[in-house]
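Visitor: Quick one: structure below, then a few questions.
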Amino acid sequence: MKFRLIIDREKEEEVVATVHKRTAIIDEIEALVTGSVPSDHIAAYSDDEIRLLSLNEVDCITVITGKTYAVGIDGKKYMLRKRLYEIEEYLPPDFIRINKSSIGNRKRIRRFITTVSGGVDAEFKSGFTDYVSRRCFADIKRRLGL
């Protein structure tokens, strides 16, 4: 397989792929390039893999060392190429802010755990845990009717 990138500011941007047959990965690449990713999916990157991750398969979206990741239901972290505030704009109401750098899927939270220092952690069904800020916890309690 060959890859060629030509940067020419005078021409219209175009992506051309010559393939032997249409496959699922080709469909995903086309969706990424054309920007027609379905609203209930997000483009996610893991090692050498690009996939459309269903939002139902996401426990949490979090920022780790300056990069945005989606934590899948299998506990695997997928890198996202957007900032947290950009992703938050089109997330369904099931996703709630749990702290300044994380948004959790309310349907995937297994339980809230109190810590020794008086804080609260959210434990997701995949086993991933993240702290819940006091301000966000008050909003979560109000939204969940607790």
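Visitor: Considering the stretch 118-146 alone, what residues qualify as being closer than 15 Å to ALA70 by Cα and buried (at least 17 other Cβ atoms within 10 Å of the Cβ)?
Guide: If the condition is that a residue be closer than 15 Å to ALA70 by Cα and buried (at least 17 other Cβ atoms within 10 Å of the Cβ), then PHE124, SER126, PHE128, ASP130 are the ones that fit.
Visitor: Can I ask one more? Pairs, please: C-beta under 8 Å, at least 6 apart or cross-chain, first residue under 12 Å from LEU55 (Cα atoms) and in the stretch 78-94, second at pLDDT 90 or above and polar (S, T, N, Q)?
Guide: Cβ pairs passing all conditions: ILE87/THR68; ASP94/ASN105.
Visitor: Here's a follow-up. Could you grab the pairs with beta carbons closer than 6 Å, sequence gap of 6+ or different chains, first residue in the stretch 130-146 and of a type in the set (Asp, Glu), second one buried (at least 17 other Cβ atoms within 10 Å of the Cβ) and not in a helix (DSSP H, G or I)?
Guide: Matching pairs, first to second residue: ASP130/SER102; ASP130/ALA122.
Visitor: Can you tell me how many residues within the stretch 45-69 are more than 24 Å from ARG111 (Cα to Cα) and free of Cβ contacts under 8 Å to residues at least 12 places away in the same chain?
Guide: 5
Visitor: Among strands (runs of 3 or more DSSP E) lying entirely in the stretch 1-117, which contain 1 or more residues that are loosely packed, with under 10 Cβ neighbours inside 10 Å and at pLDDT 85 or above?
Guide: 109-114
The values are calculated or read from the model by the stated rules, or taken from the named source; none is laboratory data. Source: prediction; values computed, not measured. Cβ coordinates were reconstructed from backbone atoms using ideal geometry, including for glycine residues, and neighbour counts include every protein chain displayed.
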